[in-house]
Amino acid sequence: MKKRIIVTLFFIVGITAILLTIAIFRLYTEAEKVQRSIFVNEVLTAGETIVERIDATILNDTLDIADADSTLTGETDLSDVVSELHTRKFVLDSVTNQPIGVIKSVVFVKENNSRVVENDTEYFSQSFRSLFPIDKDPWSPKNTKDNPARSLSFTDANLVQLDSATIALLSEQKLHDIIQGALLEENIDARFEFALYNAFTTDFIILPQNITPEQMLQSEFVFRLKYNEKVSSPHYIILYFPAERGIFLQRMSTIVILILSLLIISFLISIVALISLYRQKKLSEVTNEFVNNMTHEFKTPISTISLACEALADPTLHSNSEMREAYVSIIRDENTRLKNMVNTILQTAQLKKGQVKMNVELFDMHELIHKVADSISLQISSSMGTLNLALNADEHELFGDKSHLENVIINLVENGIKYSQNPPEILINTQSNGKQFLLSVTDKGIGIPKKAIANIFENFYRIPKGNIHDVKGYGLGLGYVKKIVSLHKGKIEVQSEEGKGSTFIIYLPLHK
């Protein structure tokens with residue numbers, strides 16, 4: 001598959017994923033708008049309930065001044081007073097229902113629990129009276145910049161503040177319980193902040209706990225308390241939800257999970273498809289390279305056999321037995337070479353399918369190494385190289401397939417010969433540690449680039465660098481080596497540096 005096709009597919013999949021993400025985001029945004037509308041309506045309904053319950057709490061206050069034992073006079077003894085309460089009720093105009101004054105009361109509680117009351121009535125100024133009743137509610141916390149209360153007298157502002165008894169009644173915990181109960185009735189189980197705010201004096205009677213007063217004043221959930229005989233100036237309950245978006249996510253958890261699942265599945269499918277295409281492209285490339293290498297490898301012995309056969313057909317050679325035997329030997333050797341190539345390919349195919357048969361037996365690994373050294377000595381000497389043995393393992397009897405392990409050692413030694421620019425110097429070393437047999441094959445060849453080490457055990461892989469393409473073979477040897485080592489329940493490691501050679505270390509379990 002051509003590179004531009006892969007790039008085009010990557011581009012198409014990427015654009016599709018982006019468009020899908022945008023579509024899903026818009027879908028979520030619309031769903032969030034719907035949830036927000038529902039949430040706002042629920043909070044507004046809860047706000048009405050909160051106002052009603054606070055009003056009922058104030059009107060049901062058990063402190064009744066009329067039930068006091070006596071009214072304070074100048075001759076009343078206050079020596080045994082243990083506490084005092086301050087309360088007030090507003091005087092309303094019988095026609096306009098406007099607050100025109102306030103009755104301030106101080107209740108003195110004595111040791112015998114009797115009560116003495118001091119009353120004092122004050123009337124509001126004309127400027128204050130003109131502000132009530134409030135039709136357009138200019139007192140909202142969001143309108144504090146235009147609050148007409150700033151032009152009023154301090155006396156008026158002081159008179160309309162909540163009295164100490166009402167403030168004690170509307171404690172922070174009491175208001176929290178009222179608000180939480182109303183929210184739960186509307187299925188709102190979320191963290192919230194609240195404040196009690198006097199818009200007339202622009203003071204907070206109850207401050208928010210975890211946010212600033214400025215943030216609280218920007219909240220859209222503002223509810224004015226009802227006017228009654230205790231509340232004459234505009235007081236507001238303000239609600240704020242720090243994790244408002246989290247509430248929407250929780251409510252839309254099913255659809256959010258579904259959307260995320262679809263998005264993840266789409267991305268996974270895209271990634272798998274792209275990886276599959278990339279692997280197909282890579283497989284196509286290595287397969288083509290393998291076919292080209294294999295064709296080149298087969299051409300040489302076939303050509304040699306063809307020439308030898310033509311020479312044998314020459315009548316002049318019939319009388320020359322030595323020359324005829326030489327050509328027959330060439331045909332035999334090249335035929336053996338072809339046979340070995342075919343066997344290597346068939347073995348690789350069998351290993352890939354898991355059909356290879358292992359003839360497991362107990363054998364001496366050192367004897368096998370000596371056998372390999374003898375069989376490959378001619379190849380070493382023809383390359384003007386050396387093969388040294390350092391067989392230091394105290395335990396060297398293993399259970400395994402001698403034939404396959406012999407091929408493993410031959411592959412590693414032949415690689416050391418092929419990938420040496422100078423006369424090869426190869427060392428076979430063995431060690432044992434009581435549990436494992438360690439076999440290492442070291443050469444002083446051209447080495448392996450670090451980025452290629454992870455791929456050298458893949459079938460058909462050949463390092464595309466330097467003069468490696470000039471080396472005969474088609475990238476099956478190390479794949480075969482690793483598979484055979486794995487079938488023996490062992491492992492193989494590589495230590496290599498470019499220009500300094502390579503060391504292949506095989507770990508095999510010892511016979512016990």
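Distance between Cα centroids, the range 362-399 to the range 88-122: provide it in whole Å.
The range 362-399 and the range 88-122 have Cα centres separated by 114 Å.
What is the order of Leu249, Leu217, Leu510, Leu378, fewest Cβ neighbours within 10 Å to most?
So the ranking, lowest neighbour count to highest, is Leu378, Leu249, Leu510, Leu217.
What FRET efficiency comes out for Ile167 versus Val256 if R0 is 56 angstrom and r is the Cβ-Cβ distance? Round to the nearest 0.05.
So, using R0 = 56 Å, E works out to roughly 0.80.
Count the net charge of all other residues whose Cβ sits under 10 Å from the Cβ of Asp401, scoring Lys and Arg as +1 and Asp and Glu as -1.
Spelling it out: positives minus negatives among the neighbours equals 0.
Suppose the chain between Gln180 and Glu214 were pulled fully straight at 0.36 nm per residue; how much longer would it get relative to their current alpha carbon spacing?
10.0 nm
Can you tell me, using C-alpha contacts under 8 Å and at least 6 residues apart, the relative contact order of the range 357-509 as a whole percent?
So the answer I get is 23 percent.
What net charge do the residues around Leu391 carry, taking every other residue with its C-beta under 11 Å from that of Leu391, with Lys and Arg at +1 and Asp and Glu at -1?
With Lys, Arg at +1 and Asp, Glu at -1, the neighbours total -3.
Set the Förster distance to 41 Å, then compute FRET efficiency between Leu317 and Asn359 from the Cβ-Cβ distance, nearest 0.05.
E(calc), rounded to 0.05, equals 0.40.
All of the numbers you see were taken from the coordinates with simple rules; none came from a lab. Computed from a predicted structure; not experimentally measured. Quick reminder, even Gly has a Cβ in these numbers, built from the backbone with ideal geometry, and neighbours come from all protein chains shown.
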